[in-house]
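Have a look at the structure below, then the notes.
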Amino acid sequence: MQQTSQHKSLSTYKIGYYISLFGAAIILLWIGAFKFTPTEAAAIKPLVENHFLTFFVYDIMSAQAVSNIIGVIEIIIALLLIFSVKFASLKKFAGIGMVVTFLVTLSYLFTTPNVWHIVDGVPVTDFFILKDLMLLGFGLMLLNGKNEHI
């Protein structure tokens, strides 16, 4: 009985792991591809230009070039995730990329003016950034390396 319960738990963990991995990859691919559009380049400009690590990039490049570079980074991380299924050594690099990317994007919540609003007495933000909390968590799981048996 104990062995069956343990096997079931491991199976559930594997399913959750792969849903997280491929879900993160799909999100990164989709958002990365969208970065190549003028709409997304304009949408991220206030975030990037108000951040203490990235404020200067528009002095060097156009808004579209900055967005394209971010898109390439997101797509590379997505591909690292996908290929880590076959090549486990890529998990570490995918994890590092995710942690760095999502720490920066989450910090936009604190560096971008007017990103928080009060609606009916509740502070709200542009919720598209909040999804990055889960993606940051998954990146940290990849760095932990305890999922190597998958």
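Which whole-number percent is the relative contact order of region 26-139 (Cα, under 8 Å, 6+ apart)?
26
Could you check the spin-label model distance between Y58 and L109? Points 7 Å from the Cα along Cα→Cβ, value in nm.
2.3
Do the sum for the chain: with -39,500 (n - 2.57) for every DSSP H run of n ≥ 4, divided by all residues, what is the mean residue ellipticity at 222 nm, to the nearest 500 deg cm²/dmol?
-23500 deg cm²/dmol
What does the convex hull of the Cα atoms of region 91-132 come to per residue, in Å³, rounded to a whole number?
60
May I ask you to compute the full-extension gain from K131 to T39, defined as 0.36 nm times their residue separation minus their alpha-carbon distance, rounded to one decimal in nm?
Roughly 31.1 nm would be gained on extension.
Excluding same-chain pairs closer than 8 in sequence, count the lysine pairs in region 2-144 whose Cα atoms lie under 28 Å apart.
So the count works out to 16.
So what are the ³J(HN,Hα) numbers for region 20-30, from phi and the Karplus equation (6.51, -1.76, 1.60; θ = phi - 60°), rounded to whole Hz, Gly and Pro as x?
These are the phi-based 3J(HN,Hα) values: 5, 4, 6, x, 4, 5, 5, 4, 5, 5, 5 Hz.
Can you pull the three principal axis extents for the Cα set of region 3-150, in Å, largest first?
That works out to 57, 39, 23 Å along the principal axes.
Restricting attention to region 93-138, which chymotrypsin sites (Phe, Trp or Tyr not before Pro) occupy a DSSP loop and are surrounded by at most 11 other Cβ atoms within 10 Å? Display every interim value, and only then the final one.
Values: sites: F93, F102, Y108, F110, W116, F127, F128, F138; in loops: none.
Filter output for region 93-138: empty list.
Out of the GluC sites (Glu not before Pro) in region 47-150, which ones are loop residues according to DSSP with at most 15 other C-beta atoms within 10 Å?
E148
Mind ordering 81-90, 53-62, 21-30 by average Cβ neighbours within 10 Å, highest first? Mind showing how you got there, number by number?
Working: 81-90: 15.0, 53-62: 12.2, 21-30: 17.8.
Ranking, from highest mean packing down: 21-30, 81-90, 53-62.
Which log10 I(q)/I(0) values, to two decimals, does region 20-82 give at q = 0.11, 0.13, 0.26, 0.27 Å⁻¹ under the Debye formula with one point per Cα?
For the requested q values the scattering log ratios are -0.26, -0.35, -1.00, -1.03.
Coordinate-derived values only; no laboratory data. Being a predicted model, the structure only gives us computed values, none of them experimental. Positions of Cβ are backbone-derived with ideal geometry, glycine not excepted, and every protein chain shown enters the neighbour counts.
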